[in-house]
Structures are given as structure tokens and as C-alpha cells.
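The values are calculated or read from the model by the stated rules, or taken from the named source; none is laboratory data. Everything numeric in this text was worked out from a predicted model, so none of it was measured. Here the Cβ positions follow ideal geometry from the backbone for every residue, glycine too, while neighbour counts run over all protein chains shown. These accessible areas exclude ligands, DNA and RNA; they are computed on the full protein's heavy atoms, side chains included. Shrake-Rupley method; radii C 1.70, N 1.55, O 1.52, S 1.80 Å.
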Amino acid sequence: MQTKTLDAATIALHADRILAKDKSVAPPIHQSVSYYFKESQEFADHAIEALNTDFYGRHGNLNAARLAEVVAQLEGAEAGMILSSGMGAITTTLLTFLSSGDHVIAQRNHYSATNSFLTGFLKRFGVEVSLVDQTSPRAFASEIMQNTKMILLETPVNPAMTITDLSAVSAIAKAASIVTVCDNTLASPINQRPLDWGIDLVVHSATKYIGGHHDLLAGTVVGSRQCIEAIWGISMDLGPIGAPFDAWLGLRGIRTLQSRMHCHNSNAMDIASQLENSSAIKSVYYPGLKTHPQHALAKKQMIGHGGMLSFEFSGGYDAAQKFIAGLNLCLNAPSLGGVDTLVVQPAAMFRARMSEKDILAQGIQPGLVRMSVGIENIKDLLQDINVSLSQA
């Protein structure tokens with residue numbers, strides 16, 4: 001299907017039909033783990049084919065291939081694959097392009113599990129890691145060494161909502177023949193397409209906006225076919241392929257991605273604007289606000305600014321806890337990117353995995369609240385928030 005001239009909403013509905021094997025409007029779940037062949041040569045050919053959908057379940061499956069096709073076309077990529085989680089996509093991608101003795105440059109602020117993998121796992125196996133200020137392209141350039149093989153980005157970053165200049169960093173990387181990888185989870189391909197700014201590979205936690213309903217666990221990586229086939233090769237050893245049912249849920253969810261993102265964007269902007277005017281709130285972090293220090297950059301490389309925002313209470317840790325306890329519609333739950341509004345207090349959530357010093361180093365203040373804004377009626381959300389603010 002020629003999709004270059006199609007809108008994202010149409011791509012999300014029809015891009016995968018080129019892979020369909022029947023006339024079903026809704027794709028069936030292809031749950032079989034193994035497939036048989038009558039000819040030995042056909043068997044042998046399928047055994048070595050990358051991104052295979054009908055040989056053995058660890059090689060791939062048709063539901064995952066269909067979801068990967070939609071994500072790849074939404075991101076403007078040649079190919080993609082689905083893995084068992086967002087971290088499965090990140091770790092498999094990194095392990096494909098990094099070896100002992102190599103060096104990777106990453107942002108100081110990343111999703112907590114990504115940061116743990118960088119500073120713990122990779123260092124155990126002899127990979128050097130430099131963490132830099134993502135707001136400064138010069139900081140990335142200054143850390144490049146002869147053994148630098150990758151630059152890892154995340155923008156906007158969770159939960160600080162800081163932005164990375166994709167075009168500036170990708171230009172620096174290309175000049176030094178360094179692979180760039182960007183976690184695009186918080187933006188989604190509706191709000192941002194990193195490949196358009198020169199990035200090589202894009203990863204998502206498909207658990208979040210791509211699935212959108214808090215009911216699946218999956219990750220995706222898209223880029224050139226050569227890179228994706230290399231990642232597939234490593235996935236064959238590691239085994240984190242996306243399951244058929246989870247991929248089917250992702251397909252069902254991605255059909256409404258554009259409509260949902262428009263609502264997420266609008267609701268989050270209204271809530272961020274109202275929180276800015278509350279005397280209980282010290283700071284609001286949302287790229288769509290003119291007061292965000294990187295608002296101009298966000299407008300340049302993002303179409304919309306997403307459904308995630310963070311805000312800090314003047315009253316600190318206790319005030320944030322009272323606010324969350326007073327909410328009714330907004331649920332105190334981990335994860336993000338779904339139809340329901342979820343809130344967490346990062347300082348409380350990360351205490352089990354990070355020291356107080358490391359939490360503060362990530363820019364997480366005790367009174368910070370992260371809100372993943374859903375698609376509820378905005379008047380109802382604002383009323384719920386305002387009632388709880390008055391109590392906090």
C-alpha cells in the first residue's frame with residue numbers, strides 16, 4: 001500500500017492489510033507456535049528468513065508483523081519489529097550495536113529502567129557509558145571518543161518533560177558515524193517522528209500510547225530494514241519476541257491512536273494551564289506551555305505535546321501525597337499513555353530502586369507529581385483536580 005500521501009489515522013487503519021492472509025476486517029489472532037512444510041527446501045528457507053511470521057514463534061508471528069508494519073509506516077521507517085516490552089525493545093537494540101569495549105552516550109535523565117540498564121548491566125559487560133545534559137547538544141559532542149558507537153535519547157523525558165534537540169544531536173552523530181536511538185514513547189508517532197530529524201532507530205513502549213488501554217505489554221523498534229534485521233538476529237538469541245495476543249491488542253489500540261492523541265494533547269494542555277494558576281503548585285512541567293524553558297524547541301520538532309505532565313507542590317512530599325489521596329477520577333497507578341488518567345508520585349515510586357541522591361539527580365523533587373492525562377471529559381477531570389487541590 002502506498003501510504004506516503006495518507007493521513008496517520010488512515011495508515012493506522014490500513015497499513016497492515018498488505019500482510020493479511022484472509023478477508024477479515026478485524027485481524028484474527030494467529031496463536032500457533034509452529035508451522036509445517038511439505039517440501040524440505042521450503043522448510044530450510046523459512047528457517048533462516050529474518051522477521052518470519054510462519055515458521056516458529058520465536059522467529060516472529062503474523063500479529064506482531066502487522067503491528068510492526070503500522071508503527072513503522074507511522075514513523076516513516078522501512079521496517080520494524082515487536083518485542084515483549086518497551087525495555088525488551090531498548091535492551092535488545094542496545095545489545096545489537098554495542099560490544100565490550102564500546103562507548104555509549106546517553107542522557108542523564110532517562111526512564112528509570114533504561115538508566116539502570118545503562119549504569120548497571122552494560123558496565124558489568126565492559127561497555128563505557130557517559131551521561132550528559134540532554135538540553136545541550138555540545139554536551140553530547142564533547143563526550144565522543146574513538147570507541148563511541150551509539151547515542152541514546154529520550155524526548156520528552158519521563159518524568160521531567162525535558163526536550164532533546166533531535167536534529168542537532170543527529171547531525172553530531174552522523175558526522176562521527178555513530179548510531180542514534182530515540183525513545184519516542186511519550187510523544188508517540190502522532191506528535192513526533194524522530195526519523196524525520198535524522199535519528200536512525202526509534203523505540204517505543206507499545207504498552208503506552210500505541211496500545212492505549214492499559215491491557216498489554218509490548219515494545220517496538222523501527223528503522224532501516226538492515227538495522228531491524230540485525231536486531232531480529234539478536235532477538236533470536238535473547239528471546240523477547242512479542243506474543244500474538246499482545247500484538248493483536250496493540251493492533252486494536254493503534255487504530256484509534258490519532259484520535260486518542262488529539263484528546264490527550266488537548267486535555268493535558270488545559271490541565272497544565274490551570275495548574276500554573278494554582279497557589280499550591282510551585283512549578284508545572286509541560287512542553288506545550290509557553291513557560292516551559294524549551295517550548296520553542298518543542299514547537300519545532302513536535303506536532304502536539306502529549307498527554308504527560310508533571311507538577312511540583314510547594315508543600316513538598318506530604319502535599320503531593322494528600323493531593324493524590326483526594327482524587328477520585330484520576331487513579332494512583334503506575335504506567336502511562338492509556339485512556340484513563342493516572343497519577344504517581346515519582347519520589348515514592350522510585351524509592352524501592354533508587355537512592356534519595358539518585359532520585360534528586362534525575363530531577364525528581366519530593367513534591368513532584370506525574371500525571372498521564374486520559375481522554376475523560378475535561379470538565380470532569382478539572383473538577384476532580386480542583387477539589388483535591390483545595391484539600392492539599
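Here is how the numbers come out for the structure above:
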| read-out | value |
| --- | --- |
| Under 5 Å, built H, 5+ apart or other chain: amide partners of Thr162 | Val157 |
| Highest to lowest packing among 33-41, 203-211, scored as the average C-beta count within 10 Å | 203-211, 33-41 |
| Packing rank of 21-32, 300-311, where each peptide gets the mean count of other beta carbons within 10 Å, highest leading | 300-311, 21-32 |
| For the stretch 116-211: accessible area per residue (Å², 1.4 Å) | 33 |
| Accessible area of the stretch 78-201 belonging to carbon and sulfur atoms, whole % at 1.4 Å probe | 49 |
| Those trypsin sites (Lys or Arg not before Pro) in the stretch 334-392 that DSSP places in a loop and that have at most 14 other beta carbons within 10 Å | Arg353 |
| Dipole moment magnitude, nearest 20 debye, the stretch 195-256 about Cα centre, only Lys, Arg, Asp, Glu C-beta charged | 220 |
| Principal-axis tilt of helix 225-238 within the chain, Cα atoms, nearest 10 degrees | 90 |
| Using θ = phi - 60° and Karplus 6.51 cos²θ - 1.76 cosθ + 1.60, couplings along the stretch 287-304 (whole Hz; Gly, Pro as x) | x, x, 7, 5, 7, 5, x, 10, 4, 5, 5, 4, 5, 5, 10, 10, 7, x |
| Accessible carbon and sulfur surface of the stretch 204-277 relative to its total accessible area, %, 1.4 Å | 53 |
| Rounded to whole Hz, the Karplus (6.51, -1.76, 1.60) HN-Hα couplings of the stretch 329-344, x for glycine and proline | 7, 7, 8, 7, 8, x, 6, 6, x, x, 6, 8, 7, 10, 10, 9 |
| Cut-off under 5 Å, modelled amide H: who pairs with Thr180 long-range | Ile151, Asp200, Leu201 |
| Most to least accessible of Glu312, Glu49 (protein chains only, probe 1.4 Å) | Glu49, Glu312 |
| Antiparallel content of DSSP bridges confined to the chain, in %, to 5 | 55 |
| Accessible area (Å², 1.4 Å probe, nearest 10) - Cys227 | 30 |
